[in-house]
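In what follows, a structure is listed as structure tokens, so that the remarks can point back to it.
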Amino acid sequence: MNPQSPATEAVVRHHLTAFLERRGVEAIVADYSEAAHFHTEAEVYVGKQEIHGFFEHFISSSTSSRRCLREASNDSSSGASESRETSPTSRGT
């Protein structure tokens, strides 16, 4: 998936919205297929179960995850395409 494509932006916006509106991990993971690969700087998660586990840990790990995603949401709204070191990137949805 092209990180600059409208489809990628739509998926990222859905993730951010689900997170900020506290819809839960299931709402975020709904964007992924069983064959999806979710890439972070540290690891690649394969399939819904592993991706679900990543998001559960990410959301529960600290309040900084909420701040990180709010900043990403603000960047996305302003048209900025800056990459955040603590933000995950998704591929293969």
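The values are calculated or read from the model by the stated rules, or taken from the named source; none is laboratory data. A quick note: this is a predicted structure, and the numbers were derived from the prediction, not measured. We place every Cβ from the backbone using ideal geometry, glycine too, and count neighbours over all the protein chains shown.
Would you check if there is a residue in segment 82-93 being outside any loop (DSSP other than H, G, I, E, B), at pLDDT 85 or above and touching an Asp or Glu at 6+ places or on another chain (Cβ under 9 Å)? No: segment 82-93 contains no residue that is outside any loop (DSSP other than H, G, I, E, B), at pLDDT 85 or above and touching an Asp or Glu at 6+ places or on another chain (Cβ under 9 Å).
When residues in segment 7-47 are screened for being assigned to a strand (DSSP E or B) and surrounded by 13 or more Cβ atoms within 10 Å (Cβ to Cβ), 5 of them pass.
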